[in-house]
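S.K.: Handing you a structure now.
Just so it is clear, none of the values below were taken in a lab; they were calculated from the coordinates. Computed from a predicted structure; not experimentally measured. Cβ: placed from backbone, ideal geometry, glycine included. Neighbour counts: every protein chain shown.
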């Protein structure tokens, strides 16, 4: 394969990652809105630990750099919390903007085997 072809493939993956980040952002807004309505604390340190542990295991199984994966998701979690905690403190919260496209992958082990429904274990 030529360098340009490989770079083009990487660019497509980068674009897909970007789209997934937008969808994740939407879901995080939904979660914070639900937590606010149900009077549930916005921060859940135990849930964050579970997410990082689960993704760390997946990274090891995939031979990815576990520290990098955990750091990447820590940045995403902290960024989401910071934004939504500031909005909650100011009383000026944004609502969700776009619908989420359900993306199921062959490796998606969190779907119910009977119904195919996804659980919220992939979302903070």
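S.K.: Can you tell me the relative contact order of the range 3-90? Whole percent, Cα pairs under 8 Å, sequence separation 6 or more.
M.R.: 25 percent
S.K.: So how many Å³ per residue does the convex hull of the Cα atoms of the range 3-90 work out to?
M.R.: Hull volume normalised by residue count: 110 Å³.
S.K.: Going by how many other Cβ atoms sit within 10 Å of their own, how do 1, 76 line up, fewest first?
M.R.: Result, fewest neighbours first: 1, 76.
S.K.: Oh, and also: Between residue 67 and residue 46, what length comes free when the chain is fully extended (0.36 nm per residue of separation minus the Cα-Cα distance, one decimal in nm)?
M.R.: This chain segment gains 5.7 nm when fully extended.
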